[in-house]
Structures are given as C-alpha cells and as structure tokens.
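All remarks here apply to the structure that follows.
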Amino acid sequence: MLNLLGAEVPVILFTELFMRTLPAQVRMPLANTTIVGPRALAREADRFVLAMPQRSPDLRLPRHRTVRRRAKDDAGPSGQQAHLCSSRFEIRKESCVLVWLRHYKQPITIQIPWTQVMRRTKAPAAVLSLLGTSTHNLPALFGDVKFVCVGGSPWRMKSFIEYIAGELGLEDPKSEYPNICAGTDRYAMYKVGPVLSVSHGMGIPSISIMLHELLKLLHHAHCTDVTIIRIGTSGGIGLEPGTIVITKQSVDATFLPKFEQVILGKNVVRSTDLDTELAEQLLQCSNRLNQFKSVIANTMCTMDFYEGQARLDGAFCSYTQEDKQDYLAKAYASGVRNIEMESSVFASMCKLSGLKAAVVCVTLLDRQKGDQLSGSHQVLHDLQQRPQILVGHFIKSQLESSGKI
C-alpha cells in the first residue's frame, strides 16, 4: 500500500500516479511544476481547482466511497459551491487534499493502461490462451491472490507450492495439486490459499509472454495488493556458491539499469528498478532464518546463456580467458553479483503495472572460477531450495502479521 506520508515513498512514482488521476484542466497547468512533495503537490492542484468556474462538468476527481456528497450550499475554502468537483466529488472545507490522500490509501490494483482494448475482447478467458485457463469466473478462482511466485521450471514451481502449503498449514504438502494450466504445455500454474506459483520458462521472451497473460489474469480477477517474486538460480560473481542474491537493480550486459525493446520499429527503454522496501524485508527474513548468506546487489540480465554471459564452453567463443575475466571484473566493479536471463523484463513489466516485485536467486557457482557446475546432484538440489525457503518464510511472516493465518 502506498504510504503517501512516508519519506520512503518514491517521489517520481507518486507524481506519476497522482497526475494520472487529475482532469485535463488541472493536469495541464501542473505539467511543468517543480513541486514534488505529496502534500504540496495536492495543494497546488487544489489551487487550480478552486480557480475554476463554479460549475465545471468536465471535472472528474478520483472516486472514493468514503467521501460523501455534500449539500449544495456547503462552500469550499474560497466560498465556491461544494459540488464543484462533479456529482461524486465536492470540495470540502478542508480542501481536496484529503480527498486525494484518501484515494491513494486504497489497495493497489493491477495497472494496465490498455483496458479500453481489453474491454473489446470477448471474455477474460479469450485473452489467456497461452496460460491455458478456461474459466470465465476468474475473481472466484484468483481474487484472493496476494503473493505470486514465478520461476523457470514447472517442476520447481510445483515443488514450491507443496512447500508453501506445508509452511502455511493450509493443506497437506503431500496432496495432489492440479496444474491450472493443464490446457497448455507451455507453462504450469499452481495455487494454494493466497499464493500462486507459475513457471515462466527460460529467457526474456518466455517470461515476457507469461507475464503479459499473468497480469491480465490478475487484472480480470480484480486482485489487489499483490506482491510478485521471481525465484530461481544464477551464476555468481565473487560470491560463494549457495549465496542468495536479492536484486537491487537489473542491469543489461553493459551494466546499465534498463530494459530495451523494439516496439513498432522503435527502441523503447524502460526502468528495471525493483521495490527497495521489499528487498530489505527479504534480507531481514534471511537474517532471522540464519541458514545461508543473502545480499542485496545488482543482477545482470543477458539475452544468452553462453557468449552473452562470457562462457568459454559454448559452441562458439570469440574471446579469450583473459577477455572473460576482464569483463567479469568490470561487472563486479559495477555492483553486479549474479547473472541470469529474466530479471530485466520482469522488473520493467512489474514496475509498469504498479506491482511490488523482487528477484531472489541462488548462485550455483562463482563464474570467475569456472563455467561448469561441480557439486553433486544432491548439493545442487539443496541449493535450489534456498530461494523457496526464504520466500516461503517471508510470505508466512507477512500473513501472520496481518492476522490471515
């Protein structure tokens, strides 16, 4: 939930969300404002509202059920009629500031800017073909979802749902959990209580497709206050195998925090920032568990497993061992501590949708010491359990603190 009165709120995010709700008559004069404080920005918007004619039929403020309609003779701060802000909103004596602040204390919903396009689809199920869901009653099946965990392997995500079921005491971990995406062999999805577990395959294209459909599913299911976490494996840089990396920023192969995509022939660059508060909460959970080391650091997301990650064991290799070590040293100096292939598009799409998101990956090896995994199958299996242990503990603590279990 956005805490507009807290110092930790990203100012740019508040400004963007706030400006979207304003009518054009207010948004245009505020477009070039240098004011960034939540209260100050709301007061400035209020000033423009109060300067408008007494009745403005085009003025639409955010709807909020707790704001009651005032009597027509109730005057605002400048003596204007209280019904100036439209039939659903009126300027109260304490000004519109409180109206806007209350609006942003509502639960966070999934932001999909293209809902007018989605409304033209025949039914929610019609736009979820790749997830293979057939139900038309998405709110009944998914409306209670608060945590979504995604990972590459279908087996790993089924293992996670069995683990979290036991941790939360909701069902017998040995129960059979049906694959909700049984209508397709592309992805797998499992659910227990408020937790959804989804596989995304390998690489940016695969996770991007899954996220498009997952976000639409959450939107159609009317989910609110959703936290989404990617759990997976990675190659470490300068870390002992088994270390958990909680991503601060996802960077590209040139160490820049951005995701670049060609859309309609044009390069579109999007931010890859992740939720810093969520990352800190996960780190604190790891410290309380005291079972393995966890760090918050940058993650490099590449388009390729071999040459894109400076490996020497691919079918092609156009560089030397010295070139590889030089590149990895530069990555380490830039703050990168692990490498994988999904975090950039994951971070950018979650940020664009207004979701709290985190990436939690275990390092299976130190890439500065080699390219091949050297541990036994059992050791590697145990290492892969660490992200789900940490995330499972986090989800449990969150539900316990809210009194939901």
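The values are calculated or read from the model by the stated rules, or taken from the named source; none is laboratory data. A quick note: this is a predicted structure, and the numbers were derived from the prediction, not measured. A quick note on method: Cβ atoms are made from the backbone with ideal geometry, for glycine too, and the neighbour counts reach across all protein chains shown. The area values use the complete protein model at the heavy-atom level, side chains included, leaving out ligands, DNA and RNA. Shrake-Rupley method; radii C 1.70, N 1.55, O 1.52, S 1.80 Å.
Per-residue packing, averaged as other Cβ atoms within 10 Å, sorts the ranges 196-202, 218-224 into the order 196-202, 218-224, beginning with the highest.
Go through 290-297, 370-377 and give me the packing order, highest mean Cβ count within 10 Å leading. Could you put the intermediate results ahead of the total?
Details: 290-297: 16.0, 370-377: 11.6.
Descending packing order for the listed peptides: 290-297, 370-377.
How large is the accessible surface per residue of region 138-242, computed with a 1.4 Å probe and reported in Å² as a whole number?
On the way: 3780 Å² over 105 residues.
With all protein chains present, region 138-242 gives 36 Å² per residue.
Sorting the segments 184-194, 319-329 by their mean number of nearby beta carbons within 10 angstrom, highest to lowest, gives 184-194, 319-329.
Roll a 1.4 angstrom probe over the protein heavy atoms and tell me the percent of accessible area of region 239-303 that is carbon or sulfur. Present the calculation step by step, with values, prior to reporting the outcome.
Details: 1740 of 3440 Å².
Exposed carbon and sulfur together represent 51 percent of the surface.
Stretched out straight at 0.36 nm per residue, the stretch from LEU283 to THR224 would grow longer than its current Cα-Cα span by 18.8 nm. Amide hydrogen proximity for VAL148: with H placed 1.01 Å from N in the peptide plane, the residues at 5 or more positions away or on another chain lying under 5 Å are LEU196, THR227, ILE228, ILE229.
For the pair PHE305 and PHE255, the difference between a 0.36 nm per residue extended length and the Cα-Cα distance amounts to 16.3 nm. Here the spin labels are modelled as points 7 Å beyond Cα on the Cα-Cβ line, and at SER402 and GLU176 they lie 3.2 nm apart.
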